[in-house]
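Some notes on the structure that comes next.
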Number of protein chains: 4
Amino acid sequence: MSAVTLLTVPTSGPDDTGALGALAGHGHTASDVVAVIGKTEGNGCVNDFSRTLAAVAWEPRLPGSAVTVFSGGTEGVLSPHVNLFVRDGKRHEGFDRGLVAAAGRTRVLAPGELGRAAQVDAVTETVGKLVAELGVSTADVHFVLVKCPLLTSDKIAALRAVGEEPVSGDTYESMGHSRAASSLGIAVALGECDRTAALAALAGEAEVSSARASASAGAELEDCHVLVVAESTAAANPLRAMHGEMKDALDLAAVTALLDEVERRGGRVRQIFAKAEADPSGSVRGLRHTMLTDSDVNSTRHARAAVGGLLAALKGDGAVYVSGGAEHQGRPGGGSVTVIYELPGPDGGGA
Amino acid sequence: MSAVTLLTVPTSGPDDTGALGALAGHGHTASDVVAVIGKTEGNGCVNDFSRTLAAVAWEPRLPGSAVTVFSGGTEGVLSPHVNLFVRDGKRHEGFDRGLVAAAGRTRVLAPGELGRAAQVDAVTETVGKLVAELGVSTADVHFVLVKCPLLTSDKIAALRAVGEEPVSGDTYESMGHSRAASSLGIAVALGECDRTAALAALAGEAEVSSARASASAGAELEDCHVLVVAESTAAANPLRAMHGEMKDALDLAAVTALLDEVERRGGRVRQIFAKAEADPSGSVRGLRHTMLTDSDVNSTRHARAAVGGLLAALKGDGAVYVSGGAEHQGRPGGGSVTVIYELPGPDGGGA
Amino acid sequence: MSAVTLLTVPTSGPDDTGALGALAGHGHTASDVVAVIGKTEGNGCVNDFSRTLAAVAWEPRLPGSAVTVFSGGTEGVLSPHVNLFVRDGKRHEGFDRGLVAAAGRTRVLAPGELGRAAQVDAVTETVGKLVAELGVSTADVHFVLVKCPLLTSDKIAALRAVGEEPVSGDTYESMGHSRAASSLGIAVALGECDRTAALAALAGEAEVSSARASASAGAELEDCHVLVVAESTAAANPLRAMHGEMKDALDLAAVTALLDEVERRGGRVRQIFAKAEADPSGSVRGLRHTMLTDSDVNSTRHARAAVGGLLAALKGDGAVYVSGGAEHQGRPGGGSVTVIYELPGPDGGGA
Amino acid sequence: MSAVTLLTVPTSGPDDTGALGALAGHGHTASDVVAVIGKTEGNGCVNDFSRTLAAVAWEPRLPGSAVTVFSGGTEGVLSPHVNLFVRDGKRHEGFDRGLVAAAGRTRVLAPGELGRAAQVDAVTETVGKLVAELGVSTADVHFVLVKCPLLTSDKIAALRAVGEEPVSGDTYESMGHSRAASSLGIAVALGECDRTAALAALAGEAEVSSARASASAGAELEDCHVLVVAESTAAANPLRAMHGEMKDALDLAAVTALLDEVERRGGRVRQIFAKAEADPSGSVRGLRHTMLTDSDVNSTRHARAAVGGLLAALKGDGAVYVSGGAEHQGRPGGGSVTVIYELPGPDGGGA
């Protein structure tokens, strides 16, 4: 069981690990870090070296058990930052419940496994193991984050050299396939669908989505990094999580419903984690969008900018976590949303 | 006096003039058109041929007195569409006031005049003339739209060949200078500042902005197209306008204040016209943004995507008019906002 | 039989039809135009409105029998221009052979036919008809140019709405499929392979390419525009054509072989028409390239810039026709090349 | 005196330091490295994190005296690679002359000094010191490479906060100003102009350029890294250098003149270092180019792709060093070119 606290710290660049200093100010050390979930300022696509740079800067400073998930792309008003989930066993008076988190990695995936059943299974297994480790029911899980590999030109060529065909010959497209497999692996692990349905969805023959799944792909890793965030009665702290789903990129109502509920509970929003994508139908609420026909700017960049513009305005600052490419993470054209919030302490103040 | 109605029609491409068919369905003809204000799907920057294509398709179909303003860039959820301001003298029962509009053009501006006092003066003069033509006080004006030229490589080279230095040697930057001069011309015409203050602001030595100004630049014209929208007691129709200012790109409060007021008055939002820009300070509310350091995507594209994501969600559809580059159109980092809304008729229904 | 001359004229913008004035200076009128083959300055990808703008500007000025092929993308040193193939029956003294050309169109292709056998067949048929019309053997054909449609989001959605799956759900990728089918149609018509081999190649199960094929795709048309250029003994003019193949983007030797042969024959290069693509293997001569992993700039843009840089330097000016995406137009990673040159007249001068 | 050898090694990514292994194979260790000059695969502009990633990977593995210069942008056929200048005192039989190199750094430059006289002076001083260290005359210097800082949004804001105005408020433009100042500093140090002329050139009031200067800017450093490459009679090795100047991006003749001279001397080309830029006049040899009006792709990317396409074809592989933005590095629109070549040994073989 890992009761956790959450620190959200702006960064001055992808290699800025200054948040570790902020940690110390809160009485923690780097060895307490469970996961670093960052938004870095690259293009969020295949050749996004801001993610690699962040990984290179952070990983030597973290315990081997910690995972990093860097999601590229701070389009529009999104602001580069890191979210640190930090082990914090302190039992806060007045609370009989609290936020917990566990992190782990799947085995290394071979390029030929990317975007296929093997990836679904590997993610399912790791998520399942982490949920078990937390000792919570899947109903208490509000957020599962996966960072997964993509196919580079090198990997595609290597596969073809041995007569294997990758899930896609296009590097940018491989990101979508990898996110899809990871998200379906999450859905299976959380009991939102069975493996058969997940594989049918992967083949485009069924619609399955999880409002708690958040997957992003990158060239900087070979396995999948997984973080599970839940509430547990084994912890006692003021942090809570809630999840919902934007039905489309204009779904203000879904988000305000979550924020209103936080307010109703007397809470204060600490962070919003959301996925966004260009509606694959080419239109939103019947009106054509141009994200999928823009050959200059990839659709994931557009989607992050637009949904980021909305969520940042609702949160009141740009340090929200909006990640692009929402295959099976919320319904098509929409996206999963998790809000982490803080309840007031028994004296009415925060923790 | 030109009482007007407003039609907002989605387009299937920059050269889609099908909205003229919709006009007919409302009992109007092309000869009634005062202005076509469209969002087209190019990059909104120097080499945006979607604007030129739209102009080539529309202009032969419109009366010589009409102006067109095509603003490129439908990033994110923004949806390509046209807004037709159409002369409609019908006096609606139960109304003693209504929306009016007038359109005109400045003289052709020489490339050396772009972004300089001569452009400020030309715009001031044309706006002044149109306000006079409408017979309204400047307090009743809620929206002044200008489409103005930019500097291409050819024009810059031609100027330099005769020993003149353009306001900028960078084509993309020249758009900002041109928008600035147009907006300051509007501010002078509306009495928001005097000419001296406007020229000081143009030189970067004073801060002047108008919350009613909206300027965009394009390579497809040599003069400035100008549209003035106001309320007048000489008209009698259910359309009204209101303007405000987003202080920054997250200024949800400013927009909801306008929308709430529309609702309070029993109105229904018909269109939102807004300007957006990357905060020139490099941060929004103290958090760094990366729009000005992104060498792959120009900052105007980012700004439109982000503010468009917010306004489209608030309006409930993507056919909002968000234009990028808000020099002196609202304060730095913010932008002007005009809402056109419709009051219910005496029987409670719309017009 | 249409003996032709060739005029290459720089353009000041996609809608610049000033070349028609140059025509007049050569004693021709617009009614003599067989084809306008232009390079326009858009991105050459899905949302390239420079092509549409050029088509809108040119087509009303040309006879119904003429075709236009606008290829977007003048990256690097490539310079926007048009190549006019103009009917010119004049028999030049001292020549018993000359350049001829014929143009035509396929039937309109349904979106579901794009990139599939139906498109191969339609192109084969039209090319065959044009070769027959010219009365030349296929050995005398040195250049077949096709402009073909692509799939937009609208078309993809419409197909799916009726339960059909397009050849690709990605708009940019659909360009490649359309070019592939057109090129294989050319190969069949020129007897370079049979239909079975062409369809196998389309399915990725065989390698077939034509060094005389040049195909480009665009959103601005629904049928395929086809131009066949050949030499014929029925004409008598100083223009000649020669074709070759760049084996890869560095294949300077292949081009200098052609240019040296032109020189050996006493000729003068008038134009080079070439195709270029990013080597699909991810490397050129064993060294990795990054065109296929660059999510900011599409690989066709990279390929045009690089091969354009080479060919423009060899020609001595930037008004060369380099088009991106060379599926089956020369071997993978390479591209077809056609040189049009002019022999000296009997007195040693040009025609 | 540092006699050097040169190793050019392809990289699999910006953080690939595998070339150090190749070093070992040649009997050298990392401590012998004088400079690592690499092409990395980012956009070569402001937000190019591939350069930072390379610097982070390489710098801890090199002696403190070594400098790194990572130039972003491998557009088109350019292939990511590193060039290692390695100390190698071995006196090769049959040679009485050889390649030498020295590396150093200027002091840290304050943001307000960027692109101004202070930067010119700092570079002049360091280049002068390195030339003196090598004990060569400036006539024997064939290549001076500088990597210099740029202005980020943060630095611009910080300057303005204290009432200082930076050389440019645009981050991308600041790269050009920084390269200009560095190049003029080189020109002064090499005696190609005096300080007064250099400052006039910096102000745009004189034309000065050096055909031996190569400068690139990046966000990953605060001082300037400088490398001077020369021939010296104090060394005895088969490597030689030669420099020239492309007058424009089509100047094939200038490059073949160099390559022909290498061949005439019996040498073998080892590497080409070149600068490239979009002709600031907007045209090349009288024909318009569109690099400066393309708001989707910056002109430095276009220029690298085009000139890289030419030079890679001439060299026969894509691992050439072409860097974009050639202010005062060769005349406007052209660029400096240095060829490093290897003479055969006394027995006719290479060293």
Overall Cα dimensions of chain C - principal axes, largest extent first, Å
63, 45, 41
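Computed from the mean reciprocal separation of all distinct C-alpha pairs, what Kirkwood hydrodynamic radius does segment D:141-261 have, in Å?
Its Kirkwood hydrodynamic radius stands at 16.4 Å.
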How large is the helix-only mean residue ellipticity at 222 nm for the protein assembly as shown, computed as the sum of -39500 (n - 2.57) over DSSP H runs with n ≥ 4, divided by its residue count, in deg cm²/dmol to the nearest 500?
-9000 deg cm²/dmol
So, with +1 on the Cβ of K and R and -1 on the Cβ of D and E, and no other charges, what is the size of the charge dipole of segment B:238-342 about its Cα centre, to the nearest 20 debye?
220
Segment B:257-343: trypsin sites (Lys or Arg not before Pro) falling in loop per DSSP and having at most 13 other Cβ within 10 Å
B:ARG265
Length-normalised contact order of segment B:238-342 in % [C-alpha pairs under 8 Å, at least 6 apart]:
48
Whole-Å distance linking the alpha carbon centroid of segment C:168-214 with that of segment A:169-197 is 33
Non-local amide H neighbours of B:GLY38 (under 5 Å, H modeled in plane, Pro and chain starts lacking H): which ones?
B:VAL69, B:PHE70, B:SER71, B:ASN83
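Are there any helices in chain C, counted as whole DSSP H runs, that stretch 15 Å or more along their axis by Cα and score at least -0.5 on average by Kyte-Doolittle, and if so which? Don't jump to the answer; show the numbers that get you there.
Numbers: long enough: C:117-134 (26 Å, 0.66); C:171-189 (28 Å, 0.23); C:252-264 (17 Å, 0.73); C:299-315 (23 Å, 0.36).
Those that pass (Cα extent of 15 Å or more, hydropathy at least -0.5) are C:117-134, C:171-189, C:252-264, C:299-315.
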Antiparallel versus total DSSP beta bridges in segment B:238-342: what percent is that, nearest 5?
80
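Would you mind ranking D:SER283, A:SER295, C:SER137, D:SER65 by Cβ crowding within 10 Å, fewest neighbours first?
Ascending Cβ contact count within 10 Å gives the list C:SER137, D:SER65, D:SER283, A:SER295.
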Run through segment D:60-126 and list the GluC sites (Glu not before Pro) located in a DSSP loop whose Cβ has at most 16 other Cβ atoms within 10 Å.
D:GLU93
Pick from B:VAL131, B:VAL144, B:VAL269 the residue whose mean-square fluctuation is largest in a GNM of chain B, springs joining Cα atoms under 10 Å.
B:VAL269
Give me the percent of DSSP beta bridges within chain C that run antiparallel, rounded to the nearest 5.
75
HN-Hα J couplings of segment D:317-323 from phi, Karplus 6.51/-1.76/1.60, θ = phi - 60°, integer Hz, Gly and Pro as x?
8, x, 7, 9, 9, 10, 10
Using θ = phi - 60° and the Karplus form 6.51 cos²θ - 1.76 cosθ + 1.60, what ³J(HN,Hα) does each residue of segment A:265-280 get, whole Hz, x for Gly and Pro?
7, x, x, 10, 5, 9, 6, 10, 10, 9, 10, 8, 7, 6, 4, x
Principal axes of the protein assembly as shown: Cα extent on each, largest first, Å:
90, 73, 70
Once you put a point 7 Å from the Cα of D:GLU93 and another 7 Å from the Cα of A:THR138, both along the Cβ direction, what distance in nm separates them?
7.7
At R0 = 22 Å, FRET efficiency that the Cβ-Cβ distance of D:GLU222 and D:GLU165 yields, to 0.05:
0.65
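Below 14 angstrom from the Cβ of B:GLY282, what's the summed charge of the other residues (Lys, Arg +1; Asp, Glu -1)? Please list the in-between numbers first.
Working: positive: B:ARG285, B:ARG288, D:LYS155, D:ARG160; negative: A:GLU41, B:ASP248, B:GLU277, B:ASP279, B:ASP294, D:ASP154, D:ASP170.
Within the 14 Å Cβ shell, the charges total -3.
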Rounded Å value of the spacing that divides the Cα centres of segment C:1-72 and segment C:262-339
22
Quick calc of log₁₀ I(q)/I(0), segment C:1-117, Debye, one scatterer on every Cα, no solvent, q values 0.12 1/Å, result -0.49
Please arrange B:HIS289, D:HIS92 by how many other C-beta atoms lie within 10 Å of their C-beta, fewest to most.
D:HIS92, B:HIS289
Within 10 Å of each Cβ of C:165-176, how many other protein chain Cβ atoms are there on average?
3
At R0 = 45 Å the Cβ-Cβ FRET efficiency linking B:GLU263 and B:ARG61, nearest 0.05, sits at 0.75
Find every distance from the label point of D:ALA158 to the corresponding label point in the other copies (7 Å from Cα along Cα→Cβ) and write them in nm, one decimal, shortest first.
4.1, 4.4, 5.6
Cα-Cα separations in segment B:238-342 greater than 16 Å, expressed as whole percent
54
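Relative contact order for chain C using alpha-carbon pairs under 8 Å, separation at least 6, rounded to a whole percent?
22
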at A:GLU59 the sorted inter-copy label distances (label 7 Å from Cα on Cβ side), in nanometres, are 2.0, 5.4, 5.7
Express as a percent, rounded to the nearest 5, the fraction of DSSP beta bridges in the protein assembly as shown (both residues included) that run antiparallel.
75
List the distances, in nm to one decimal, from the label point of C:PRO344 to the label points of the same position in every other copy, shortest first, placing each label point 7 Å from Cα along the Cα-to-Cβ direction.
3.9, 9.0, 9.8
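Just so you know, all these numbers are worked out from the coordinates, no wet-lab data involved. Remember, predicted model here, so these are calculated numbers, not experimental data. Note: ideal-geometry Cβ built from the backbone for every residue, glycine included; neighbour counts use all protein chains shown.
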